[in-house]
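The values are calculated or read from the model by the stated rules, or taken from the named source; none is laboratory data. Please read these numbers as outputs of a predicted model, since none were measured by experiment. Positions of Cβ are backbone-derived with ideal geometry, glycine not excepted, and every protein chain shown enters the neighbour counts. Please note that ligands, DNA and RNA were not included when accessible areas were found on the heavy atoms of the full protein model with its side chains. Shrake-Rupley method; radii C 1.70, N 1.55, O 1.52, S 1.80 Å.
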Amino acid sequence: MRILFVGAEAAPIAKVGGMGDVIGALPKVLRSHGHDVRIMLPYYGGLEQWFPTPGKPVWQGSAMFQDFDVFETLLPGTDVPLYLLGHPAFAPKRIYAGPDEAWRFTLFANGAAEFAWNYWTPDIIHCHDWHTSMIPVWMHQTPNIRTVFTIHNLAYQGPSKAQLATMTWCPDYMQGHNAIAAAVQFADRVTTVSPTYAQQIQTPEYGETVEGLLSFISGKLSGILNGIDTEVYNPETDPSLAQNFGVATIDRRPINKRELQKEVGLTPNPDCLLMGIVSRLVEQKGLDLVIQTMERFLAYSDAQLIVLGTGDRYYETELWQLASRYPGRVGVQLLYSEPLARRIYAGTDVFLMPSRFEPCGISQMLAMRYGSIPIVRRTGGLVDTVTHHDPQHGQGTGYCFDRYEPLDFFACMVRAWEGFRYKQPWTALQTRAMRQDYSWDKSAKDYISLYQDILGKPEAALTSSGTVPSATRA
Ligand SMILES: Nc1ncnc2c1ncn2[C@@H]1O[C@H](COP(=O)(O)OP(=O)(O)O[C@H]2O[C@H](CO)[C@@H](O)[C@H](O)[C@H]2O)[C@@H](O)[C@H]1O
């Protein structure tokens, strides 16, 4: 099959959060199954560091009365062809934010549609989040190109119908009151990134005002759990770590804790419970629970905390103030750093993720792979990836709580702190967490079945190169 991934992020070149991990990893796994998968991204300012000589565009097109260029290269470290859509609107060195966000991503989506009609025609365009919402709208009248729309985060829904109509002249058939609602209606299939979240978004509590629509289209909605890139995120080979380790050499892991404590200005102490957060600092991530409980927990215990993230000014300020009140015990790094993130996964004892909602969550899986035990609220993909530690039966991979209440989170941290004092069961817990299989293999197969189902083609109808002969395309 020929599949074009279109999205705003792809690791390692343009990543803000988990969607970048997904678009950076899944295509290469799908290609290893014999499918021709390619990616299209905006050509953001700053990407020149990855591609010093952009060369000539492979195609030039226009959309919304704007001319744009498309350059072709490979996603670094992979064999995945990457198309970069170049237009001055993407010249600034930022992925999101800015007053023109709605306009420039609508241009990107429309440009990607033009590209698929005129240059490289895939069987399926796999669209990610609202930035690509116009693609299913346009493609519903193009029977040979089908669409999958994946919701990574329903909290962001893109421009309103009125804005879209002004920007794109989209005709009245564009149903739905905003970009994401339109995509959901016109896509051949809608997916989200965990089975639990696929159910939750059909309820008022998690549906972000589109729960009615999502339950109406539930026949074409499914949840496919994210994986992680186990080649790139491997504590045995990760060059960012002070000390590599694996399940068999877990006794080497404490070196990472000591070096991390030194690096972020915490008092080196192997015996205290070192807690970590690596996150976008936004309401979704449950940071108000952290802010409400942390002083009391620090007073009650010997714990330390390291936070890495950027986001809302309110959370940045609150966390910064906490760090200034607890020098040597709380370290806050308000920045984006991939190597430091990995050192936090490898050096902390527990990883906090008390999310208000969580479509899937990649961070808790990375934490487990690196032996840091997640403390999570049981919501969305956290339900599907973390099970509660049961020391008596030697089961479970983390600590979980249900209600979004400070007391419940506090109690969960106390249980983890208590558990950490018993070294043998703790090491067994770490080993279990590290042994979990969160690779993309299973989910990639689920996506392949979904694509085949849309095309109405059994595996045998595909050619040996994995493409459907054009004469037999639907
Ligand atoms: N300051 C920083 N420095 C370095 N690295 C940082 C960082 N802040 C975050 N990261 C990295 O960004 C990723 C975060 O991914 P998550 O899936 O946990 O959450 P996010 O909300 O961004 O993703 C959304 O999309 C994904 C993908 O579908 C869903 O899993 C998730 O639930 C949904 O909210 C991790 O790889 C993490 O290490």
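Can you find a residue in region 223-235 that is open to solvent by 40 Å² or more (accessible area, probe 1.4 Å) and assigned to a helix (DSSP H, G or I)?
There is no residue in region 223-235 that is open to solvent by 40 Å² or more (accessible area, probe 1.4 Å) and assigned to a helix (DSSP H, G or I).
Would you call G219 within 26 Å of the chain's Cα centre (by Cα), without any contact (Cβ under 8 Å) to a residue 24 or more places away in the chain and open to solvent by 60 Å² or more (accessible area, probe 1.4 Å)?
Judged against the criteria, G219 is a match.
Condition check ((1) open to solvent by 10 Å² or more (accessible area, probe 1.4 Å); (2) touching a Ser or Thr at 6+ places or on another chain (Cβ under 9 Å)) across all residues:
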{"residue": "G7", "(1), (2)": "no, yes"}
{"residue": "A10", "(1), (2)": "no, no"}
{"residue": "D36", "(1), (2)": "yes, yes"}
{"residue": "G46", "(1), (2)": "yes, no"}
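Can you find even one residue in region 385-400 that is closer than 26 Å to G207 by Cα and open to solvent by 40 Å² or more (accessible area, probe 1.4 Å)?
The answer is yes, given that some residue of region 385-400 is closer than 26 Å to G207 by Cα and open to solvent by 40 Å² or more (accessible area, probe 1.4 Å).
Tell me which residues, restricted to region 292-319, are more than 15 Å from V282 (Cα to Cα) and among the hydrophobic types (A, V, I, L, M, F, W, C).
Once the filter is applied, which keeps residues that are more than 15 Å from V282 (Cα to Cα) and among the hydrophobic types (A, V, I, L, M, F, W, C), region 292-319 yields M294, F297, L298, A299, A303, L305, I306.
Among the numbered criteria (1) buried (at least 20 other Cβ atoms within 10 Å of the Cβ); (2) in contact with a His (Cβ under 7 Å, 6 or more places away or on another chain), which single criterion is violated by K161?
Answer for K161: the failing condition is (1).
Within region 167-186, identify whether any single residue is open to solvent by 10 Å² or more (accessible area, probe 1.4 Å) and either touching a Cys at 6+ places or on another chain (Cβ under 6 Å) or among the hydroxyl-bearing types (S, T, Y) (or both), and answer yes or no.
yes
Looking at A323, A367, can you tell me which residue is buried (at least 18 other Cβ atoms within 10 Å of the Cβ) and without any contact (Cβ under 8 Å) to a residue 24 or more places away in the chain?
The unique qualifying residue is A323.
Assuming T249 fulfils every condition listed in (1) touching a helix residue (DSSP H, G or I) at 6+ places or on another chain (Cβ under 9 Å); (2) modelled with pLDDT of 95 or more apart from one, which condition is it?
Unmet for T249, out of (1) touching a helix residue (DSSP H, G or I) at 6+ places or on another chain (Cβ under 9 Å); (2) modelled with pLDDT of 95 or more: (1).
Taking region 438-472 on its own, how many of its residues are at pLDDT 95 or above, open to solvent by 60 Å² or more (accessible area, probe 1.4 Å) and within 24 Å of the chain's Cα centre (by Cα)?
2
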